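Read-outs throughout are calculated quantities, based only on the coordinates presented, and are distinct from any laboratory measurement. Quick caveat: nothing in here was measured; it's all calculated off a predicted structure. Here the Cβ is made from the backbone with ideal geometry for all residues, glycine too, and neighbour counts use every protein chain on show.
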Amino acid sequence: MQTNRPLVEVVRLGLVSYQEGLRLQQVFVNRHRSGPAHALLLCQHTPVYTTGIRHKPYPGPLLEKLCLLGADVHRTNRGGLITFHGPGQLVCYPVLNLGSFRKSVRWYVSQLEKTVITLCSRLGVEAATSPHTGVWVGDNKICAIGIHCGRYITSHGLALNCNTDLSWFSHIVPCGIEGKGVTSLSRELQRDVSVEETIPHLLDAFAEHFHCQQTEGERPEQNSGVSST
């Protein structure tokens, strides 16, 4: 039985822009330079469409249309294709040194998927994996997963639809997968399931699958003095 479990700092960011989420991830990534400083950043984003490193070329008119909807558009260094983030979606950015867990990106993604499947099960939703990354309820994706890992330090993470306005996804092909849809905890349970209700289940499931301890942390000050790289 493992006794020395890694300690993970849980930082609740609230509603933030995607750009601010990227900045704060980099702050915590940089902290690993002086030793393990595991963190779990929890937030919701103002409306934004993001593309990953495997993005297909998106025509200018499409990007302009997305911006006209009132959403930002960002290209990122995570895996995966285009997706949406917005209010009502629980976004979780684990910033971990996999050297303290297991040095395997495939294992890490699998543990994220298992974490979300366990969370869904505790709320009464039967979710599963598929040949496509992420967590699904039938042919509908309930949680997108896209990560970056450099020198075994992870960033980006998962986005779980709680009571998200799913109409935002109708303007894109989510994650570039044709013929599939999206869903949310609220849609599956036919009641309002908020991000706040979901967070404790996520933390419990994460601690279970990553065999870690958790402590509450604070959001860094704006003038933290840590620059992005």
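Things to note:
- The Cα-based radius of gyration and maximum Cα-Cα distance (Dmax) for the chain are 16.8, 56 Å.
- Cα→Cβ-extended label distance, 7 Å offset, between residue 129 and residue 165, nm: 3.5 nm
- Amide H contacts of residue 182 (H built 1.01 Å from N, under 5 Å, at least 5 apart or other chain): 141
- Loop-resident sites, the stretch 149-196, for GluC sites (Glu not before Pro), counting at most 10 other Cβ within 10 Å (DSSP): 178
- Charges were assigned to the Cβ only: +1 to each Lys and Arg, -1 to each Asp and Glu. The resulting dipole of the chain about its Cα centre is roughly 860 debye.
- Residue 193 long-range amide H proximity, modeled H, under 5 Å: 186
- Using the Karplus relation 6.51 cos²θ - 1.76 cosθ + 1.60 with θ = phi - 60°, the per-residue 3J(HN,Hα) values for the stretch 62-67 come to 5, 5, 5, 4, 4, 5 Hz, with x marking Gly and Pro.
- Signed unit charges on C-beta, dipole axis of the chain, positive-most listed residue 154, 87, 17: 154
- Here the spin labels are modelled as points 7 Å beyond Cα on the Cα-Cβ line, and at residue 67 and residue 12 they lie 3.6 nm apart.
- The phi torsions of the stretch 203-219, fed into the Karplus equation with coefficients 6.51, -1.76 and 1.60 and a -60° offset, translate into couplings of 4, 5, 5, 5, 4, 5, 7, 9, 6, 10, 9, 10, 9, 7, x, 10, 5 Hz, rounded to whole numbers, with Gly and Pro shown as x.
- Amide H contacts of residue 7 (H built 1.01 Å from N, under 5 Å, at least 5 apart or other chain): 213
- Modelled FRET efficiency - R0 41 Å, residue 107 with residue 26, Cβ distances, 0.05 increments: 0.95
- Over the residues of the chain, the helix contribution to mean residue ellipticity at 222 nm works out to -8500 deg cm²/dmol, using -39500 (n - 2.57) for each DSSP H run of at least 4.
- With contacts taken as Cα pairs under 8 Å at a separation of at least 6 residues, the stretch 7-216 carries a relative contact order of 23 percent.
- Within the chain, percent of DSSP bridges classed antiparallel, to nearest 5: 60 percent
- Annotation for residue 77 and residue 197: the two label points, set 7 Å from Cα along the Cα-Cβ direction, are 3.8 nm apart.
- Phi-based couplings in Hz for the stretch 76-83 (Karplus 6.51, -1.76, 1.60; Gly and Pro marked x): 10, 9, 7, x, x, 10, 6, 8
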